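In what follows, a structure is listed as structure tokens, so that the remarks can point back to it.
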Amino acid sequence: MIAHRRRLPTGARLASFSGLSVRTVRARPLRSGLTAGAIVLGVGMVFGVLLLVGTIHSTFGRLYDSLYGRADIVVSGRQSAGSLTLDTIDRVRLVQGVRSAAGDVYSSFRTVDAHGRVERARSARLYVVGVDYAQPDTTDSRQVAGRNPRAGAGEIELDRDWAARHHVGVGDRVRLSTPSGVTTLRVAGLFAFGGGLDLGGYGMASMPVQDARRVMDKPGVWDEITVVVDRGARVADVQARLQRRLGRGVEVVTPQTKNAEAQKQLSGLDVVLYFFSGIALFVGAFLILNSFNMTVLQRMREIGTLRALGASDRRVARSILAEALVLGAVGCVLGLALGAVLAILLLKAMQGFGLPVAQIEYAPIAVIGALATGLVATLAGATWPAVRAARIPPIQAMLGMAGAPRGGPGLRRALIGLALFLPGMLVGGLFWFGDTAQGSVLAAIGGVGSTMVMLLGMVLLAPFVILPLIRLMSRPLRAAMPAEGRLASDAALSNPGRTAATAATLLVALSVVVVNTTIASSFVGSIRSDLDKRFSRDLTVQPLDYQDVGPPQSGISDDLRRRIAAMPETAAVAGRRVLYLTKLPGGGADGLIVAYDPYAYDRVDHVDYQGASRAAVLRGLAAGGVVPSKTYAQARGLHVGDRLTLAGASGMRVAPVVGISDTVDGTGRSLQVSLATMSAVYGVTTDVQLAVKARSAAARAPLAARVDALLARRYPGMEALSNAQLKKRTTDAINQQFAFFDAIVAIAVLVGMLGIVNTLTMSVLERTREIGVLRAVGASRWRVRRTMAAESLLISLAGALAGIVAGLLVATAWILGMRQSAFTDLSLRLPTATLAGIAVLGVVIGVVAAALPARRAARLDPLAALRYE
């Protein structure tokens, strides 16, 4: 009989499969819409991130092209950190093949309004470069109005676009807050960069270097030197000669290399953004898998009829995959529209972090990447259901006997799940936050890879957590609603695989939120504890919106420090200087070089030194020693008495380790030195913070008032913060970063909610006759609705609670791992408010997700439902 069927002519079999997939999609619009919705959200998130990443890289590429458009070589401190000595430019000019060398200094100014107040908007910020106008211009800019500023005349040249936004023209005067105080400068000219560079509201300006040194309080350094080589000379040869002459602490690179280094630093952020956007697609793929599994069950008799009419197993599989492609194509197109909107929102968030990006740049590669990713995810989710449909025997399918397995998960699945879950849980945190997380792309890829494998293991283990939770929660539900609770729990447990897969979408998304929030809460709590233990100061004076790591900051002049120190209420003032290095001395990790006067700083703060007596550490620091943080010392095996080679833009020095500090600075990896060492090695001569101590408790309020008055009158670009305000500013910055990623994961939570709606909708179709019986024996519409709502509540709460458990388990393991490597003083702090919020969110999702399926079930006609097959 089988052989005879195979010899049937093609016309005797199913006439045509063309249009079958489209008809199937149109026949079930609700299920198709929900499945496509998951694709829309996943593709939208991926497309939005691709657009954002492309925009950031393009903006920075144009920025470097504009700044160094006509330069052949750029000379600066190693890793672009620190300042060069004044005589460096003379040594550069003496090197064979150097045609010209132009030095500059730079800082950040802010506009001051008519009332003497500094404007805090990003558009009020002006990055100013002090240049030598006697040297050739090495930037890709052209003067579009006016002339070059004259030295000693108090003049400045402005970026044309920024000047237009502030309604400033040639001859006008601008009032600016500078490190040395408020300065009024006359606009001598306007310039424009090539390539339409827009820094998202930030402005660029230049002024004579002699005047810039005075207002920036940088009298004896160069921040950077740009070099033009002789015609006919090889850039590589001149670069090598310069490097030999200037030493290893000075970086001598081409503009292309400088741009490539910046792009490489951004790559770590790219991978992290890809990961968080991929979570939405990851969850969406499981929703698609669940949807098409239910589709196969619902179309069992239809598939059996097709097979009986001569459709081969491959054709059946292709029909399912074709249906997936139809939904995928529609979802991808709509996802592109959503992604364009999400990209704008992500861009605004990035601007909040200080990135100089203006507007989204749309590139074909982003469209292609998002479409390909969405279609691959759709096909991945539909492949197993398609294969499964093709394997169903025709007779069993026509009789509706090939249903899904109703048993629980097996031991093999548990072992595979554990094998995937445990490694990521144990080591994933080291890639993201540990000593291996040094901002490198490999570390980010390692974090993404281990975490995605861990999430896959989490999905495989989901039934072993979800199903017991549903059974447990069914008891109080049955006690509260005997009829509805029993029907709901029986329905949820009748197909354990589908129920667990549905709840797993929420489990994955919410577990990521819990991990993110728990680690953020632990960081914040540890930093608060460290600041409480360390701070003896009463005030911290710093530039507005100061960050240890970020764009160029406005420094603090010596005049301001002297004025505060001379106030009668002041007991001590200690300056703090900071330099961020992508590679700290003695190892490959990134971190901070923190400088202060040991004896002055000891009067305003209480740093916990280990490895030697306090007096010995202070004496060693003052004599040129270094004090690594405990985290960095443990990671690099440093002990008191070891020696580190410090190589900076201004010199080199071999410094002994005189102690270990128990502080949390920046990434947790830091190296503390004296002000003299910072100046001699790295050329940093400007404070970025002042720690101020009052003479007594009674003098704190008068001191704060006096400092505030001084800043408002002469230095409006600075702010004085109490310890409470500084702690809040620090912890808010950490919370903001983690909240950004939580916002991206929220898309995955929405996908999970769609999964519950989809499952309940299919449940209504499967239980149509059952609902008809209930209505026939007197069940009201509201009872039917409550039954569906109770089932939804069980699934969503089980997913939420399992997500909390899994997230806390992973977060605890990661924090314990970080304590052994990067953050030795990090302690677990539970975000109780967030955990309670997630539990409430589970209830909300359950109620909202049940609304549409419950309404549909309640509106079924009892007689039609009883006749339904």
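The values are calculated or read from the model by the stated rules, or taken from the named source; none is laboratory data. All values reported here derive from a predicted model rather than from experimental measurement. When we count neighbours, we look across all protein chains shown, and the Cβ atoms used for this are built from the backbone with ideal geometry, even at glycine.
Quick notes on this one:
- Just one of (1) assigned to a helix (DSSP H, G or I); (2) at pLDDT 90 or above fails for Gly641. It is (1).
- Residue pairs meeting the criteria (Cβ under 6 Å; at least 6 apart or on separate chains; first of a type in the set (Gly, Ala, Ser), in the range 596-610; second at pLDDT 90 or above): Ala600/Ala574
- Residue, surrounded by the fewest Cβ atoms within 10 Å (Cβ to Cβ), within the range 610-659, restricted to residues that are closer than 18 Å to Gly591 by Cβ and among the hydroxyl-bearing types (Ser, Thr, Tyr): Thr645
- Scanning the range 232-256 for residues that are at pLDDT 90 or above, surrounded by fewer than 17 Cβ atoms within 10 Å (Cβ to Cβ) and touching a helix residue (DSSP H, G or I) at 6+ places or on another chain (Cβ under 9 Å) gives Arg245, Gln256.
- The listed residue being surrounded by fewer than 21 Cβ atoms within 10 Å (Cβ to Cβ) and either aliphatic (A, V, I, L, M) or part of a strand (DSSP E or B) (or both), out of Ala38, Ala71, Ala114, Ala102: Ala114
- In summary, Ser123 fulfils each of the numbered conditions (1) in a helix (DSSP H, G or I); (2) hydroxyl-bearing (Ser, Thr, Tyr); (3) surrounded by 18 or more Cβ atoms within 10 Å (Cβ to Cβ) with the single exception of condition (3).
- Residues of the range 187-237 satisfying the condition of being in contact with a strand residue (DSSP E or B) (Cβ under 6 Å, 6 or more places away or on another chain), among the acidic types (Asp, Glu) and within 30 Å of Thr55 (Cβ to Cβ): Asp223, Glu224
- Residues in the range 364-379 that are farther than 20 Å from Thr55 by Cβ and surrounded by 16 or more Cβ atoms within 10 Å (Cβ to Cβ): Gly374, Leu375, Ala377, Thr378, Leu379.
- Trp222 passes every criterion in (1) touching a helix residue (DSSP H, G or I) at 6+ places or on another chain (Cβ under 8 Å); (2) within 27 Å of Arg175 (Cβ to Cβ); (3) not β-branched (Val, Ile, Thr) apart from (2).
- Unmet requirement for Gly328, which otherwise passes all of (1) within 24 Å of Leu379 (Cα to Cα); (2) not polar (S, T, N, Q); (3) not in a helix (DSSP H, G or I): (3)
- Residues being over 30 Å from Leu581 (Cα atoms) and among the aliphatic types (A, V, I, L, M) - total across the range 682-729: 13
- Qualifying position, being closer than 30 Å to Asn290 by Cα and touching a residue at least 12 places away in the same chain (Cβ under 8 Å), among Ile747, Ile734: Ile747
- Helices (runs of 4 or more DSSP H) contained entirely in the range 510-626, each with at least 3 residues that are closer than 30 Å to Glu119 by Cβ and outside the structural domain of Ile804 (by TED's automatic domain parsing): 558-565
- Test for Asp825: is it farther than 30 Å from Gly807 by Cα, surrounded by fewer than 20 Cβ atoms within 10 Å (Cβ to Cβ) and at pLDDT below 75: no
- Against the numbered list (1) touching a helix residue (DSSP H, G or I) at 6+ places or on another chain (Cβ under 7 Å); (2) under 22 Å from Ala616 (Cα atoms), Ala649 comes up short only at (2).
- Residue ID - nearest to Leu86 (Cα to Cα), chosen from residues in the range 653-680 that are at pLDDT below 90 and not charged (D, E, K, R): Ser670
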